[in-house]
Amino acid sequence: MWLTQLAERNRQCFPDRTALVDEHRSVTWAQFHDRGVSLAHGLAGLGIRRGDRVAVLSLDRIEVLESYFALARLGALFVPLNHSLTQAEVTGIVERTGAVAVIGESTLLARHPDLPVATRIPLDDEAFAALGADGGPALEDIPDDAPAAILHTSATTGQAKGVTVDHASFRAIALGWLAVSRPADDMVLVNCCPLYHGSMVVSLTYMAAGATVVLMPGFTPQAALAAVETHRATHVWLVPQMLRFLLRAKSADTADLSTLREILYGAAPMPPDIYAEAVERLGCGFRQVYGMTEVGGPFVTLGPEEHPAPGEVPEVIPAGRVVPGMSARALDERGEEVEPGAIGEICVRGPGLMRGYWNDEAATAEITVDGWIRTGDLGFIDRDGLIRLIDRSKDLIIRAGQNVYPSEIERALQSHPAVRDAAVVGVPDEDFGEVPLAYVVVEEGTTTVELQAHLARRLASYKRPRRIEFIDQVPRNPAGKIIKKLLRA
């Protein structure tokens, strides 16, 4: 299977090269491989078997990837959890996936004392480090078409959905991506994005090329700049708003960034002003990453050679071309391909696609058209094969790379007894790109402080609206749908 082969190949080819670095330690490829084997034996000794789901709740650190690779060797599915979610949100994911165990940092596990799992494994405990030291049950050979992970995203309703991916998906995306990105032997990637959703596929892909991956427990511009300087990084993976913070950091002009070759960015469009400033000040190449968890991760890229030169920044930078092995089309409402240059919904097909949403056939059918995955993004593909995105077909808000769905916030607001109606839209924000703004119809005497406290018990902090404004009536059309363009205006 892919993840096992990846670790074994890198141990064989460059055993003494640094594989992973975090704020606590670093490991070579030989050490990472051997720990994956021993940890798999140890987890098997705790009763974890092929097909079991195991949740992982942690900030980014080496033990997270060790756990992913060990579970893959067992044929168990790793289920990364967003550590910023509320107790109810985390519990919901664990219940829906039927996880039998949770591996996590002690402080985070303490926040969720009632998770419905049989086994809790603190990864920062000496007992975790000792797992598998004495061997364990024999490990069976796991095929590439076996499910490897359930990565959570959000559907248009805001309900978290588990995207089930197999080893073949990871392999297809990695090989296609590396075929066009032309990896070098000395790559060092600073990963500013979390390992709990589909963006982690970027790290897995560069690991497949033997790169050193530097993990950060959380993004701060100062820490990211220091990581580039300290580890002589050649690549950085971030979202555009992180790049804005980097450029504004006090140490941006003094940090030694001379080793940087590429900044990989994705999850949101690159603001032209940020790109123009970054390309002028940093002097490195830029690579756009366009991906979707349901498609296996990054399936489109625009390389440095196709990015605008300094002083030649267009209003919109193309998303790029689809990677080898994957196919993309722009389809109309009937599911038929439109002509080059005509706008349609970007749809994708290939071996990187998910196996489906976990235990949700209806949602899987809704997003699938004759074997193609609907991205929900409107755009067109020109005669050179460049995909150019126009707009999102839904009302998704992207706050610093995090997906925020207005309907989820609306439901949380409407669960308050004093709220009669609510509507949420995204508004521009200099720091985060977009933030939610809530319009609410309430009973007299209700305060915004009261509503924010209500939301704090139900939503992760990044989902909560920046402002709540009281209005007399939410504008709706005859069918009862909110006319959000009036609110945005």
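The values are calculated or read from the model by the stated rules, or taken from the named source; none is laboratory data. Just so it is clear, the model here is predicted, and its values are computed rather than measured. Please note: Cβ atoms are built from the backbone with ideal geometry, for glycine as well, and neighbour counts cover all protein chains shown.
If a residue has to be within 16 Å of Gln5 (Cα to Cα), touching a helix residue (DSSP H, G or I) at 6+ places or on another chain (Cβ under 9 Å) and not hydrophobic (A, V, I, L, M, F, W, C) to count, how many in segment 68-92 make the cut? Give the steps one after another, and end with the answer.
Kept after step one, since they are within 16 Å of Gln5 (Cα to Cα), are these residues of segment 68-92: 68-75.
Narrowing the set further to residues that are touching a helix residue (DSSP H, G or I) at 6+ places or on another chain (Cβ under 9 Å) leaves 68-74.
Right, trim to not hydrophobic (A, V, I, L, M, F, W, C) and you get 68, 73.
Counting residues in segment 68-92 that are within 16 Å of Gln5 (Cα to Cα), touching a helix residue (DSSP H, G or I) at 6+ places or on another chain (Cβ under 9 Å) and not hydrophobic (A, V, I, L, M, F, W, C) gives 2.
Out of Arg111, Arg96, Arg120, one residue alone is under 25 Å from Tyr357 (Cα atoms), modelled with pLDDT of 95 or more and among the charged types (D, E, K, R). It is Arg96. When each of Gly379, Gly401, Gly371, Gly356 is tested for being of a type outside the set (A, V, I, L, M) and in the same structural domain as Lys484 (by TED's automatic domain parsing), the lone residue that passes is Gly401.
Is it true that some residue in segment 181-192 is within 27 Å of Ile398 (Cβ to Cβ), out of contact with any helix residue (DSSP H, G or I) (no Cβ under 6 Å at 6 or more places or on another chain), among the hydroxyl-bearing types (Ser, Thr, Tyr) and touching a residue at least 12 places away in the same chain (Cβ under 8 Å)? The answer is yes, given that some residue of segment 181-192 is within 27 Å of Ile398 (Cβ to Cβ), out of contact with any helix residue (DSSP H, G or I) (no Cβ under 6 Å at 6 or more places or on another chain), among the hydroxyl-bearing types (Ser, Thr, Tyr) and touching a residue at least 12 places away in the same chain (Cβ under 8 Å).
The residues on offer are Gly266, Gly285, Gly296, Gly320, and the sole one that is within 19 Å of Met187 (Cα to Cα) and touching a residue at least 12 places away in the same chain (Cβ under 8 Å) is Gly285.
For a quick check of your reading: which helices (runs of 4 or more DSSP H) sit entirely within segment 32-113 and have at least 2 residues that are surrounded by fewer than 22 Cβ atoms within 10 Å (Cβ to Cβ) and out of contact with any strand residue (DSSP E or B) (no Cβ under 6 Å at 6 or more places or on another chain)? Explain how you work it out, then say what you get.
On the way: elements: 62-74, 87-97, 106-110.
So the answer is 87-97, 106-110.
Summed over segment 330-372, residues that are at negative phi and either free of Cβ contacts under 8 Å to residues at least 40 places away in the same chain or assigned to a strand (DSSP E or B) (or both) total 24.
Under 24 Å from Ile274 (Cα atoms) and modelled with pLDDT of 95 or more, is that true of Ile381? Answer is no for this residue. Of the residues making up segment 1-29, those that are surrounded by 16 or more Cβ atoms within 10 Å (Cβ to Cβ), assigned to a helix (DSSP H, G or I) and not basic (Lys, Arg) are Trp2, Leu3, Thr4, Leu6, Ala7, Asn10, Trp29. Taken together, the residues in segment 373-389 that are surrounded by 15 or more Cβ atoms within 10 Å (Cβ to Cβ) and assigned to a loop (DSSP other than H, G, I, E, B) amount to 1. For residues in segment 184-228 being of a type outside the set (Gly, Ala, Ser) and surrounded by fewer than 17 Cβ atoms within 10 Å (Cβ to Cβ), which is nearest to Ala148 (Cα to Cα)? Top of the filtered list is Pro217.
Just to be sure, is Val56 in contact (Cβ under 8 Å) with a residue 24 or more places away in the chain, out of contact with any Gly (no Cβ under 7 Å at 6 or more places or on another chain) and aliphatic (A, V, I, L, M)? It is false that Val56 is in contact (Cβ under 8 Å) with a residue 24 or more places away in the chain, out of contact with any Gly (no Cβ under 7 Å at 6 or more places or on another chain) and aliphatic (A, V, I, L, M). Can you find a residue in segment 146-153 that is assigned by TED's automatic domain parsing to the domain that holds Leu6 and over 19 Å from Ala70 (Cα atoms)? Yes, because at least one residue in segment 146-153 is assigned by TED's automatic domain parsing to the domain that holds Leu6 and over 19 Å from Ala70 (Cα atoms).
Among the residues of segment 229-266, those that are among the polar types (S, T, N, Q), over 18 Å from Glu23 (Cβ atoms), surrounded by fewer than 16 Cβ atoms within 10 Å (Cβ to Cβ) and modelled with pLDDT of 95 or more comprise Ser258, Thr259. Among the residues of segment 263-291, those identified as more than 14 Å from Trp177 (Cβ to Cβ) and either assigned to a strand (DSSP E or B) or charged (D, E, K, R) (or both) are Ile263, Tyr265, Asp273, Glu277, Glu280, Arg281, Gly285, Phe286. Give segment 174-183 a look and list any residue that's buried (at least 18 other Cβ atoms within 10 Å of the Cβ) and in contact with a strand residue (DSSP E or B) (Cβ under 8 Å, 6 or more places away or on another chain), or say none. Gly176, Trp177, Ser181, listed by residue number. Within segment 408-421, residues that are farther than 18 Å from Arg464 by Cβ reach partners that are outside any helix (DSSP H, G or I) and hydrophobic (A, V, I, L, M, F, W, C) with beta carbons closer than 6 Å, at six or more positions or on different chains, in the pairs Arg420/Val441; Asp421/Val441; Asp421/Val474.
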